[in-house]
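To start, the structure itself, in structure tokens.
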Amino acid sequence: MAQTVRPIVNGSLLATDHKPHPLQDTLLAVTVVLGLTAFVTGFFAHLHLLSSWAGLIGIFTGATGQFVSVTTRERFGMVVGLGAAGVGLLLGMAHGGPFGGVIG
């Protein structure tokens with residue numbers, strides 16, 4: 001009979017090694033918030049400045065978070081935030097880019 005595998009999570013939902021990771025958790029939260037902001041605002045053409053800059057900053061924070069992340073759960077959240085930031089950045093670029101109408 002197969003045995004049931006039960007995950008043991010006694011602390012943070014993201015820290016599977018039972019150690020605190022404040023830097024990684026902060027980068028994860030910033031990446032997800034910026035990614036969602038860029039993704040949602042990317043669908044509105046008049047918000048191309050916000051979506052472009054939020055996506056660009058979200059990609060940089062997500063890449064930094066991937067570099068310093070420790071657990072798989074943190075990396076999974078980073079990838080979701082990075083994907084949303086990337087789509088938001090591309091939609092913002094399609095609607096006018098980060099400088100559209102401001103310079104020139």
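The values are calculated or read from the model by the stated rules, or taken from the named source; none is laboratory data. All values reported here derive from a predicted model rather than from experimental measurement. So basically every Cβ, Gly included, is an ideal-geometry build from the backbone, and we count neighbours across all protein chains shown.
Regarding segment 22-36, can at least one residue be identified that is in contact with an Asp or Glu (Cβ under 9 Å, 6 or more places away or on another chain), part of a loop (DSSP other than H, G, I, E, B), of a type outside the set (Ser, Thr, Tyr) and surrounded by 15 or more Cβ atoms within 10 Å (Cβ to Cβ)?
no
Tally time: how many residues in segment 58-98 are among the hydroxyl-bearing types (Ser, Thr, Tyr) and free of Cβ contacts under 8 Å to residues at least 40 places away in the same chain? Outline the logic, then answer.
If we filter segment 58-98 for residues that are among the hydroxyl-bearing types (Ser, Thr, Tyr), which is where we start, we get 61, 64, 69, 71-72.
Cutting the leftovers down to free of Cβ contacts under 8 Å to residues at least 40 places away in the same chain gives us 61, 64.
So the answer is 2.
Scanning for something polar (S, T, N, Q), under 13 Å from Val87 (Cβ atoms), touching a Leu at 6+ places or on another chain (Cβ under 9 Å) and crowded, with 22+ Cβ neighbours inside 10 Å, does segment 57-68 turn up at least one residue? Please lay out each step first, then the result.
From segment 57-68, those polar (S, T, N, Q) are 61, 64, 66; that's our starting set.
Okay, now just the ones that are also under 13 Å from Val87 (Cβ atoms), so none.
No, segment 57-68 contains no residue that is polar (S, T, N, Q), under 13 Å from Val87 (Cβ atoms), touching a Leu at 6+ places or on another chain (Cβ under 9 Å) and crowded, with 22+ Cβ neighbours inside 10 Å.
Restricting attention to segment 50-104, which residues are under 12 Å from Leu28 (Cα atoms) and of a type in the set (Phe, Trp, Tyr)?
Phe60, Phe67, Phe76
Quick one: Ile59 ticks every box in (1) at pLDDT below 95; (2) part of a helix (DSSP H, G or I) except a single one, so which number is it?
(1)
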